[in-house]
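> Before I ask anything, let me first share the structure, which is written out below as structure tokens.
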Amino acid sequence: MYDMSALYEAKSVQDAVRLRLEHPEAQIIAGGTDVLVQMREGKRAGKSLISIQKVNEMRGISIDEEENIRIGSLTTFTHITNDPIIQQYINVLGEAVDMVGGPQIRNAGTIGGNTCNGVTSADSASTLHAWEAIVEITGKNGVRRIPIKEFYIKAGTVDLRVEDGEIQTAILIPKASYENTWGHYIKYAMRNAMDIATLGTSVNARLSADKKTFERVRIAFGVAGPVPMRALNAEAFINGKDVTLENIEAFGRAVLQDINPRDSWRASKAFRQHIAAESAKRCLIESVKLAGGEL
Amino acid sequence: MAKNQYQLVTCWINGREVEQMVDVRASLTDMLRGDFHLTSVKKGCEVGECGACNVLIDGECFNSCLYLAVWAEGKHITTLEGLTGPNGELSDIQQAFIDETAIQCGFCTPGFIMTAVEILNRNRLYSDEELRKLLSGHLCRCTGYENIFRAVKKTMLRRLGMLDDPFLNT
Ligand SMILES: Cc1cc2nc3c(=O)[nH]c(=O)nc-3n(C[C@H](O)[C@H](O)[C@H](O)COP(=O)(O)OP(=O)(O)OC[C@H]3O[C@@H](n4cnc5c(N)ncnc54)[C@H](O)[C@@H]3O)c2cc1C
Ligand code: FES
Ligand code: FES
């Protein structure tokens, strides 16, 4: 038995918004792989929950009228990895979420939960930052869309306004982000499965038509700071430069101007800096190869 | 604690349609063990780490300790008990666990076998590396995993008619 005081089950998005307004103290539960663990640990003991598990309109992946890739917030990791749209346009996201926990966790955990928890180590978060994803939020005043960077306020806190009954309903990847772009993610952890990232690095690149120049490179990290973050100095350095190994190595070193990892029991700051530079380099090399470039 | 809250759940468990009043605080593990006496569903860690409580829901594996019983509404749930034939005959994967000595204390076994069922039902040939990843959501404190891996691999090859291939069957 879970130590919860009440459970309210939403049948639709509108229902969820209404329940949220009626029970502002209650917490949203989607796949439950964070919430139920916290409840078991006593952190959320005695709380009431609003379940959105059965709001099936929030599941699935499509391309919308504006050619955004639209990922419903309740879509599970397994379904993202196996989805043909993801595989064609942003395969790195499918690869990244295929590194979450183990198979059963990937069948249960949702991308909405992975971003609404505001956790820096979340395996989808660095890729969503590096592809400038848009977060769709629905509340009593309708729908608003914000860049994922603005969605994260601080560690564990995201921009969801309980007083407006808001929930996250989708994550969008704009065409400007995914068109002609290839990316790679490296999760550095102590073991290959069932482990939280010591550092997560996601890079994507668009090359010029002759594949000799970096037209647009984007990079984001998880666990390099309290929330997932871009490395803008490194991006500014590499954009417009020739596709060479020397430039890629300098790009790796440049990320150290951007990131601010901390010492924790998982790894020291110095070690995180070391793997950040190395992962940035390896991710960009891999992205160049995927984009058809030569080194 | 506010007053208890119950809900009627209708679902299919091991092919049989059932109706049950459940406490909304119950996990699916609580319901399967407590109300249906399906004790193959083990309580290990109860926080999603060990896989001992793993069951199939609409063909996909879930740790039932991290799944609310009320979410089972309308779902098809399969536990280890659902694998045996009408007279208790073992399924191929259960027999393989015995043949390969993939069981010692047995606590992890039902969870592992249900994951194996999800894998095998796809009728695909997986590499050793892929199979290890697919089995990585379970902890076993006894066997060292090698025999479990072999039981799943051999059953996969047998179903695909490739068990005699000397390059695959190692
Ligand atoms: C054993 C184990 C291993 C794990 N390993 C990893 C790992 O390797 N990498 C990783 O990134 N994560 C890991 N996790 C954490 C977890 O699985 C993920 O964060 C998952 O994405 C959470 O999704 P969920 O649907 O289960 O979220 P829930 O637990 O249901 O919710 C998480 C949070 O988001 C809020 N929320 C969820 N959906 C919405 C929504 N649509 N609108 C508003 N708020 C919402 C909830 O209120 C809650 O605060 C692991 C968890 C377990 C138990
Ligand atoms: S008991 Fe459910 S995963 Fe351990
Ligand atoms: S056989 Fe004992 S835990 Fe696996």
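Only the coordinates and a few stated rules stand behind these numbers; no lab work does. As the structure is a prediction and not an experimental result, all values here were calculated from the model. With ideal geometry, Cβ positions are generated from the backbone for all residues, glycine too; neighbour counts draw on all protein chains shown.
> Can you give the calculated 222 nm mean residue ellipticity of chain B, where each DSSP H run of n ≥ 4 adds -39,500 (n - 2.57) and the sum is split over every residue, rounded to the nearest 500 deg cm²/dmol?
Computed ellipticity for chain B at 222 nm equals -7000 deg cm²/dmol.
> Still on this structure: Between A:Met1 and B:Asn121, what's the calculated FRET efficiency when r is the beta-carbon distance and R0 is 45 Å? Round to 0.05.
The computed FRET efficiency comes out at 0.90.
> Still on this structure, please answer the following. B:Asp164 to A:Lys154: FRET efficiency via 1/(1 + (r/R0)^6), r the Cβ-Cβ distance, R0 56 Å, to the nearest 0.05?
Using R0 = 56 Å, I get an efficiency of 0.40.
> What FRET efficiency comes out for A:His23 versus A:Lys269 if R0 is 45 angstrom and r is the Cβ-Cβ distance? Round to the nearest 0.05.
0.60
> Magnitude of the Cβ-charge dipole of the range A:5-87, K/R +1 and D/E -1, about the Cα centre, nearest 20 debye?
Magnitude of the dipole: close to 520 debye.
> Could you go through the range A:184-196 in sequence order and give the Karplus-derived ³J(HN,Hα) for each residue, using 6.51 cos²θ - 1.76 cosθ + 1.60 with θ = phi - 60°, rounded to whole Hz, and x for Gly and Pro?
Along the range A:184-196, the couplings run 9, 10, 10, 9, 9, 9, 6, 10, 6, 10, 6, 8, 8 Hz.
> Given an 8 Å cut-off on Cα distances and at least 6 residues of separation, report the relative contact order of the range B:6-79 as a percent.
It rounds to 40 percent for the range B:6-79.
> Turning to a different aspect of this structure: Label points 7 Å out from Cα along the Cβ direction at A:Glu249 and B:Cys45: separation in nm?
Rounded to a tenth, the inter-label distance reads 4.1 nm.
> So for the pair A:Arg262, A:Asp210, with labels modelled 7 Å out along Cα→Cβ, what separation do we get in nm?
4.8
> Taking a spot 7 Å from the Cα of A:Glu179 along the direction of its beta carbon, which residues of the range A:71-100 have an amide N less than 18 Å from it?
A:88-91
> With springs only between Cα atoms under 10 Å, which of B:Asn123, B:Asn14, B:Asn147 fluctuates most in a Gaussian network model of chain B?
B:Asn123
> Extending each Cα 7 Å along its Cβ direction at B:Glu129 and B:Val18, get the distance between those two points in nm, one decimal.
According to this spin-label approximation, the distance is 4.2 nm.
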